[in-house]
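Structure record follows, encoded as structure tokens.
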Amino acid sequence: MSPVVDITNLEVTFATDAAPVPAVRGVSLSVEPGEVLAIVGESGSGKTVTAKTILKLLPDSATVSGAVVLAGQDVVGLTGDGLRGVRGRDVAMVFQEPSTALNPVFTVGWQIAEGLRAHGQYSKKAARAKAIEILGKVGIPDPERRVDHYPHQFSGGQKQRLVIAMALVLGPKVIVADEPTTALDVTVQAEILDLLRRVRTEFGTAIVLITHNMGVVADLADRVAVMYQGELVEVAGVRELFAAPRHEYTRRLLAAVPRLGGGADPAPRDRTAAPAARHRQDDDAAGHLEPRPDAAGAAGGAGPAVVEARDLEIVYPGRLGQSGFRAVHRVSLAIAPGEVLGLVGESGSGKTTIGRAIAGLTRATGGSLRVLGHEMVGFRERAFRPLRARIGFVFQDPATSFNPLLTLEEAIAEPLVVHGHARDVAAARPRVHELLDAVHLPVAYAQRYPHELSGGQRQRASLARGLALDPELLIADEPTSALDVSVQAKVLEVFTELQARLGFATLFISHDLAVVGMLADRIAVLYRGRLVEEGAGAQVLGDPQHPYTQRLLASVPVPDPVEQERRREALAALAER
């Protein structure tokens, strides 16, 4: 059988004010019917640009040469009606963020029917029936009723199913899925991967999968194409690539992947060890931040707990006479000085709510929550304000947490000026340079704006800002979820080094259990607002006691196709209990 997509000598260059930027150079690839081809590589490698040429979705600033043959037509030369005829019917796209791909003012049934009406003569009744049918096939419960719901009435995982339904409704030969599971927790991710596997089997649809998650690649792909700096450096079957990668970059990429349980050491880590041993190989600057005087005793949890929750309750008030929503129910936990507590659970489990309550950004409504000796239940902002300087926060998405109008120097200096540690930005400059040095960013970056940095660089700058006031407690909310594996590895190295040297306590919130296992001394597992398991990292990851923790761990895809196949069967057995 001939390939459904055949890319030959593809070249893509973007015009800029400075000089043309080559994004893809001489790439040749093919996708067979019913095959899942994963295109992997770090940010900027050209994987998304390559995939988007199949639908000719590149901006006007792109110059494309070569051939992209789809269903017997070269997409590169198509325009107007010819291009509209190919999109949806021959190739469809599943975008990374379904919330932005779905129109909030139309029902999901209308949006699915829109594609049908654009490509054929469907009556209103026939289009509605087809929409209900496809919603049922992608696993949306009660499709006859939910066809009339709006996107905001669906969960994150259900929204991803909706965009897959929209892509499938016209029966395309190939679907391009751009990071379809990045923002999902592991249990929902496992469901979406099962759905994509079923799409390939039942519909015979080929899938071009763009992802930085090598566990997802091991779970779903048949072949893997590895890209680096716009070039294709290796193509191999999935088992062959993971067992014996040939290219040096592929080996580095696989080595950077966190392994489940790989960071869970049953013995307490030595936080007084020389930090130089933890530095990245390509960095000479060790930074000059001085350790806190109590850092040497941090591993033993010397002194009173930095955070102590007892029967914590957090209820969001209802509207229009409705009862409130209980987000956190009778949770008790503590964080000792210098300790890293990993807080894990699926979306809606209450982990971010607890982090925000500790920072004073969400009200704790019952029980007790003491932060740095201050009771947060019923707290007054005026009394808590001085403690804010002792708490740092690293947000999930630095692109939105930085003010785009401020340079890095101004953004990092802001907490220093607000809390009276510096008169103005100029006075804070030495400290800003010290912080940039500590997170392995060149001092010259102080004059750059956030959009001029890569994702990993922005996240390291966010860490510098969180540490500006030398906090006793750092709250890190999903700080690496949107980063590719190589960039994530660098950010985690910097975090580990600084935490070991400075001894600040950390609440590390994440749905990535492999990352939590690398960093955390203890792990707490939340399920529907309740704490269901807590213990040392090795204990929770190696011998989980609660059925939910067992299911959570079984849902994590691992970067080994043979092992992942076994884990998928184990997860199916757990689901049948």
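The values are calculated or read from the model by the stated rules, or taken from the named source; none is laboratory data. In this text the structure is predicted, and so the values were computed from the model without any measurement. In this analysis, Cβ positions are derived from the backbone assuming ideal geometry, glycine residues included, and neighbour counts consider all displayed protein chains.
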Within the stretch 122-139, take every residue that is charged (D, E, K, R) and touching a residue at least 24 places away in the same chain (Cβ under 8 Å) and give me the one that is nearest to L37 (Cα to Cα).
K137
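Yes/no matrix, rows are residues, columns are (1) more than 21 Å from L195 (Cβ to Cβ); (2) surrounded by 13 or more Cβ atoms within 10 Å (Cβ to Cβ); (3) touching a Lys or Arg at 6+ places or on another chain (Cβ under 8 Å):
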site: E114; (1), (2), (3): yes, yes, no
site: A118; (1), (2), (3): yes, yes, yes
site: D142; (1), (2), (3): no, no, no
site: R146; (1), (2), (3): no, yes, no
site: G156; (1), (2), (3): no, yes, no
site: Q160; (1), (2), (3): no, yes, no
Within the stretch 238-259, residues part of a loop (DSSP other than H, G, I, E, B) and under 24 Å from the mean Cα position of the chain (by Cα) come out as A256, V257, P258, R259
Selection status of V108, in the same structural domain as V64 (by TED's automatic domain parsing) and either touching a Phe, Trp or Tyr at 6+ places or on another chain (Cβ under 6 Å) or at pLDDT 85 or above (or both)
no
Please list, ordered by residue number, the strands (runs of 3 or more DSSP E) wholly in the stretch 4-91 having 3 or more residues that are at pLDDT 90 or above, surrounded by fewer than 21 Cβ atoms within 10 Å (Cβ to Cβ) and polar (S, T, N, Q).
5-14
What is the one condition in (1) farther than 30 Å from E410 by Cα; (2) surrounded by fewer than 22 Cβ atoms within 10 Å (Cβ to Cβ); (3) out of contact with any strand residue (DSSP E or B) (no Cβ under 8 Å at 6 or more places or on another chain); (4) in contact (Cβ under 8 Å) with a residue 40 or more places away in the chain that R522 does not satisfy?
(3)
Give the residue, chosen from D470, D484, D477, that is over 29 Å from A305 (Cβ atoms) and outside the structural domain of P386 (by TED's automatic domain parsing).
D484
Kindly indicate whether any position in the stretch 528-551 is closer than 21 Å to G215 by Cα, assigned by TED's automatic domain parsing to the domain that holds F325, touching a Lys or Arg at 6+ places or on another chain (Cβ under 7 Å) and of a type in the set (A, V, I, L, M).
no
Looking at the stretch 384-439, which of the residues that are among the small types (G, A, S) and in contact (Cβ under 8 Å) with a residue 24 or more places away in the chain is nearest to G355 (Cα to Cα)?
G392
Looking for whichever is touching a helix residue (DSSP H, G or I) at 6+ places or on another chain (Cβ under 6 Å), under 20 Å from T181 (Cβ atoms) and not small (G, A, S) here; the options are V485, V516, V556, V532. Which one fits?
V556
Test result for G529, crowded, with 20+ Cβ neighbours inside 10 Å and in contact with a His (Cβ under 6 Å, 6 or more places away or on another chain):
yes
Kindly indicate the residue of the stretch 462-486 that is of a type in the set (A, V, I, L, M) and under 13 Å from the mean Cα position of the chain (by Cα) and also modelled with the highest pLDDT among those meeting that condition.
V485
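Residue by residue, here is whether (1) in contact (Cβ under 8 Å) with a residue 40 or more places away in the chain; (2) within 28 Å of the chain's Cα centre (by Cα); (3) within 24 Å of G348 (Cα to Cα) holds:
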residue: R117; (1), (2), (3): no, no, no
residue: P141; (1), (2), (3): no, yes, yes
residue: F154; (1), (2), (3): yes, yes, yes
residue: K159; (1), (2), (3): yes, yes, yes
residue: K173; (1), (2), (3): yes, no, no
residue: V176; (1), (2), (3): yes, yes, no
residue: T182; (1), (2), (3): yes, yes, yes
Looking at V525 and the list (1) under 15 Å from H511 (Cβ atoms); (2) outside the structural domain of V344 (by TED's automatic domain parsing), which single condition is not satisfied?
(2)
Residue count for the stretch 181-208, restricted to those that are under 23 Å from A570 (Cβ atoms), in contact with a helix residue (DSSP H, G or I) (Cβ under 8 Å, 6 or more places away or on another chain) and not β-branched (V, I, T):
8
Quick one: which strands (runs of 3 or more DSSP E) lie wholly within the stretch 303-396 and hold at least 3 residues that are among the β-branched types (V, I, T)?
307-316, 325-335
Answer with yes or no whether F508 is at pLDDT below 90 and among the aromatic types (F, W, Y).
no
Of residues in the stretch 442-464 being without any contact (Cβ under 8 Å) to a residue 24 or more places away in the chain and not charged (D, E, K, R), the one surrounded by the most Cβ atoms within 10 Å (Cβ to Cβ)
Q457
Between residues in the stretch 1-15 that are of a type in the set (F, W, Y) and residues that are surrounded by fewer than 17 Cβ atoms within 10 Å (Cβ to Cβ) and part of a strand (DSSP E or B), which pairs lie under 7 Å by C-beta distance while being six or more apart or on different chains?
F14/V21
Filter pass, S349 being touching a Leu at 6+ places or on another chain (Cβ under 6 Å) and either free of Cβ contacts under 8 Å to residues at least 40 places away in the same chain or among the hydroxyl-bearing types (S, T, Y) (or both)
yes
Verdict on Q96 being out of contact with any His (no Cβ under 9 Å at 6 or more places or on another chain) and either assigned to a loop (DSSP other than H, G, I, E, B) or among the aromatic types (F, W, Y) (or both)
yes
Expected single match for free of Cβ contacts under 8 Å to residues at least 12 places away in the same chain and among the charged types (D, E, K, R) among D560, D543 is D543
Being outside the structural domain of G345 (by TED's automatic domain parsing) and surrounded by fewer than 16 Cβ atoms within 10 Å (Cβ to Cβ): is that true of Q396 here?
no
